[in-house]
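One structure is given below, encoded as structure tokens.
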Amino acid sequence: DSGLCAASLLGASAEIKFTIPVGRLFTYELLRETFQSDFEPLYKLYAGRLYDDPMTFKCNQQNFPDLPEWLRFTQRHPYDNGFLYGTPTSPGKSTIEIYATNKRNYETARHILMIQVVAEKTLPYQAEFFIELREIEMVLPSSVQGEIKQDLQKLWYSEALEIVNISNALDRGGRVPLPLAGHFEGVYVKVGSEQYFSPCLQMVLTPEHQRLCASETKVKVPGGCSFCSIPSNCITWCKTELVSSRPTPPPPTVGSGILEDGGDFDPLESPPSRDLLPDYIVTVIVPLIVAVVLCLLLAYIMFFRREGVYAFISNLYIFLYHHHTILGNTDELRQMSGSRGVAPPLSTLPMFNSRTGDGGPPLQSDSPSIPLIMAQHDPYSDTLPR
Ligand SMILES: *[C@@H]1O[C@H](CO)[C@@H](O)[C@H](O)[C@H]1NC(C)=O
């Protein structure tokens, strides 16, 4: 079933080739007894006989630290066989290195697995079942896979069924069970078929099923649809999920007895491409232009309007100087107002016009502020009223 093509021994490492299709479960059991022959027997007495040594395995894709994304490895215990399993999603070639370490004498053996994945049509109708009373290592042996498949074929009313995926419930967010007998991790099994879901499976799609499963925790598989021959392979009815990549075929016309063909798989069209230029302009170009304009403006102010800045600073100096002289003069006047009859202070003398040289009118006002400011010669105040 798995498509074993050839096995050859190259020196110390065996090389095994597989050709497998995309979208179907691949399982490879790492049998301890196959590796056992690569190791020294415990006693010479046992030469020619296999001895049961504990072994661990390390698997990786050649020249990579890990396995390909689709392939997983599991081994419960060094006295159990290991499994490589998974569902390839695209065609291609992988070379897998398997290193077995004998835990008795720490010898290692290397095997090579060459896996060639070839394209295959996706099965249009797929269903996933949850098997509560199982662990992944317990369902991966091909005999158990066969038993599970048989039960599901009866539930599907079809022989044309393929196992698409098997996964550990722990990998899907399941909880680690109590370490007690009767507690299991649980396993998801996905199968696919060209044939549409049976009436039994179609019940999963009904609103009553969803309502019932939402309210009750233990919902039995409806009578007439329960086909599990081995109790530990029984499915959890409420965790069944159907996926169809093809529209539901019309119900068969009564009398013909043959389902109509649903047509070829028509992949969804990719969404129309969007024009991202306006978004790009709004989010990138416009802020960039604004930033550049602001930069230029700042540069202009800093380099070309420098004289303006200097003029401002020198005006500030003149203003401060005026302010200082006003304060000084006021103080002088205050001091003198205490002792009248002394010669009038310099600052109260009549002003002269700086342009004509004429003396100004004698000071009439008590307030010294206006003439005192005007008395200063200010080269920048040509525009000010005199
Ligand atoms: C198989 O199941 C695993 C675990 O849920 C998931 O990661 C993987 O994508 C599945 N593969 C396919 C082909 O559906």
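Under 15 Å of direct C-alpha separation, and excluding same-chain neighbours fewer than eight residues apart, Lys121 reaches these aspartates and glutamates: Glu162, Glu194, Asp264, Asp266.
Put the Cα centre of the range 64-85 next to the Cα centre of the range 121-187 and the gap is 18 Å.
Near the amide H of Gly82, within less than 5 Å, lie the amide hydrogens of Leu30, Arg32, all on another chain or at least 5 residues away, with H placed in the peptide plane.
Scanning residues 5 or more positions from Val164 or on other chains, those with amide H under 5 Å from its amide H are Leu25, Lys190, Val191, Gly192, with H placed 1.01 Å from N in the peptide plane. Each residue of the range 279-284 was assigned a 3J(HN,Hα) from its phi angle through the Karplus expression (A = 6.51, B = -1.76, C = 1.60, θ = phi - 60°), giving 4, 5, 4, 5, 8, 10 Hz with x at Gly and Pro. Pairs spanning more than 19 Å between alpha-carbon atoms, out of Lys190/Lys218; Lys17/Lys149; Lys149/Lys218; Lys149/Lys239; Lys93/Lys149; Lys58/Lys103: Lys190/Lys218; Lys17/Lys149; Lys149/Lys218; Lys93/Lys149.
Read-outs throughout are calculated quantities, based only on the coordinates presented, and are distinct from any laboratory measurement. Fair warning: this is a prediction, and the values are worked out from it, not measured in the lab.
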